[in-house]
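To start, the structure itself, in structure tokens.
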Ligand SMILES: Nc1ncnc2c1ncn2[C@@H]1O[C@H](COP(=O)(O)OP(=O)(O)OP(=O)(O)O)[C@@H](O)[C@H]1O
Ligand SMILES: [Mg+2]
């Protein structure tokens, strides 16, 4: 399913919609950067509470479909700017990690 | 590892310790350079992850150092050298889960003890030489596979 459609259904707000046509294949929830580099898969939608600059680098390195900040958390403008430069999709979910992941799972694997 | 393949590119990137704001920039730049040189996407991907982990360790645990990128026809090499305190037990540091990251770094998502294991999983050869009080040199060799087989992306 395309990221744009996922965002619409789950009511995720785009902070950076660099490539909304990106295919979302699966999801991954983690706040540990090296864990994401080791275990997330390309095409995963990455749900996290981390919102500093390195998150953009990790998302790009692991080629995730997008990064979702949960619980309404917002990164600072510098992070958004960096994501735009690097072409990394950034989104915000008003739900917490558990509920965002639950809804995403139901959508991707009905 | 001795190979007759000629050196195509050599570049040195300085890394400033404890400068978390700039951390991660070298890996992005290294990937850009490798892509420009026409290095295969799989080798670019693996080199990016190796570089990020090596760079982050330098930023978190040392006052700084440098990363040397060497590109050959058959491989990419990354050499990380720092002027830090050194690693007391290199075998222990290579174990998944081992970490001495301070609390402030853990709050930012570092300290799962997966950095060096990730470097190993994404390189074909990883050499760590460390001297207490002098610093650490890590050399990672990433072979360029023309057939583009996916391997070593994860550590399990
Ligand atoms: N350049 C270095 N100089 C001194 N000590 C280092 C260096 N690199 C790694 N270490 C030591 O090795 C440990 C393990 O490193 P590793 O990268 O595997 O995990 P981490 O940095 O603690 O956590 P993570 O990488 O998952 O965020 C570190 O906690 C640190 O004690
Ligand atoms: Mg590390």
Would it be correct to say that residue A:87 is surrounded by fewer than 18 Cβ atoms within 10 Å (Cβ to Cβ) and within 12 Å of another protein chain (Cβ to nearest Cβ)?
yes
Quick test for you: out of B:123, B:112, pick the one residue that is within 14 Å of the chain's Cα centre (by Cα) and assigned to a loop (DSSP other than H, G, I, E, B).
B:123
Count, please, the residues in the range A:23-38 that happen to be crowded, with 17+ Cβ neighbours inside 10 Å and in contact with a strand residue (DSSP E or B) (Cβ under 7 Å, 6 or more places away or on another chain).
7
Subset tally (residues that are part of a loop (DSSP other than H, G, I, E, B) and within 16 Å of ligand 2 (Cβ to nearest atom)) for the range A:27-60:
5
Residues being more than 9 Å from chain B (Cβ to nearest Cβ) and free of Cβ contacts under 8 Å to residues at least 24 places away in the same chain - total across the range A:29-69:
3
Considering only residues that are within 16 Å of ligand 1 (Cβ to nearest atom) and more than 14 Å from chain B (Cβ to nearest Cβ), which ones fall in the range A:8-28?
none
Test: residue in the range A:97-105 that is more than 16 Å from residue A:7 (Cα to Cα) and within 13 Å of chain B (Cβ to nearest Cβ)
no
Keeping to the range B:91-120, report how many residues are at the interface with chain A (Cβ under 10 Å from one of its Cβ atoms) and on the phi > 0 side of the Ramachandran plot.
3
Sort through A:83, A:101, A:97 and tell me the only one that's in contact with a helix residue (DSSP H, G or I) (Cβ under 7 Å, 6 or more places away or on another chain), on the phi < 0 side of the Ramachandran plot and at pLDDT 95 or above.
A:83
Lone qualifier among B:30, B:39 - being surrounded by 20 or more Cβ atoms within 10 Å (Cβ to Cβ), within 14 Å of another protein chain (Cβ to nearest Cβ), at pLDDT 95 or above and closer than 18 Å to residue A:60 by Cβ
B:30
Only one of these conditions is not met by residue B:145: (1) within 14 Å of chain A (Cβ to nearest Cβ); (2) more than 8 Å from ligand 1 (Cβ to nearest atom); (3) more than 14 Å from the chain's Cα centre (by Cα). Which number is it?
(1)
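The values are calculated or read from the model by the stated rules, or taken from the named source; none is laboratory data. Worth saying up front: this structure is predicted, and the values here are computed from it rather than measured. Positions of Cβ are backbone-derived with ideal geometry, glycine not excepted, and every protein chain shown enters the neighbour counts.
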